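None of the figures in this text is laboratory data; all of them are computed from the coordinates on show. Note that the structure is predicted; figures quoted are calculated from it, not measured. Here Cβ is always computed from backbone atoms with ideal geometry, including for glycine, and neighbour counts include all displayed protein chains.
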Amino acid sequence: MKKLVLVLILVALPAAAFAADELNERPHWSLEMKGGWFIPALDNWSLFYGSRNMTEFGGTLAYKIIRQVEAGVEGSFVHGSGQGFAPVHGILSGNVKYDLYPLNVFVLARGVLSEQQWLVPYAGGGWTRIFYREDITDQEIIRGAENGYHVRGGLQLLLDGLDPQAANNMVRDYGIYHTYLFFEAKYTRVMVDTAGTTSTQGQSINIGGKSLLAGFLFEF
């Protein structure tokens, strides 16, 4: 019996040492998957679309320059539909489908002081290019893209402690060091010259807005 116990201990030691070594290393990449609400900066949006919000889904991939600072890219999809007003046209219309495809290049700082820190604040920002598309009943589809900027910040909650064994397995099997739940606020500003009626031509509108998002962050 004693020999059997000794054999089991010797077999388990390399695996335990491997997991410990993995946990002591720092992650070099981060991946975010998130969704929530986009609140357009356009005036009278809810009057014509029946809701103040649009749905937004996105993801990011970033490389950690140092443990606390990373640079990356973010892609999102924002969708809204309604009846009455085409924002980029600047005219009254029929049924409208309004889609935005923001592309962000950013630098982000995370307040990580320890690998076991359960609450981590973060903030960042950078360059934005929004591709937009308006599909209006019985009218031509309007497409375009403009540049601007964005800023964002939030809080991330470490989930590793909820199931330490599962967290160790994620490191060993997939190379994922940490999993976080996060909540984020973002502001985007991208100006577009309106088209359509003579009264609106030459004016500029902000097709950006505020985002309230939640999602999961994986560091590997």
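Listed from fewest to most Cβ neighbours within 10 Å, the set S204, S51 follows the order S204, S51. Computed extension length for W29-Q139: 35.1 nm, one decimal, from 0.36 nm per residue of separation with the Cα-Cα distance subtracted. According to the calculation over all Cα-Cα pairs in the stretch 27-219, the P(r) per 5 Å bin from zero is 1, 7, 15, 18, 16, 12, 9, 8, 6, 4, 2, 1, 0, 0 %.
Within the stretch 117-177, the proportion of Cα pairs with more than 20 Å between them is 61 percent. In order along the stretch 211-219, the Karplus-derived 3J(HN,Hα) couplings, from 6.51 cos²θ - 1.76 cosθ + 1.60 at θ = phi - 60°, round to 10, 10, 10, 9, x, 10, 10, 10, 10 Hz, and Gly and Pro are given as x. Arranged from fewest to most other beta-carbon atoms within 10 Å of their beta carbon, L119, L108 become L119, L108.
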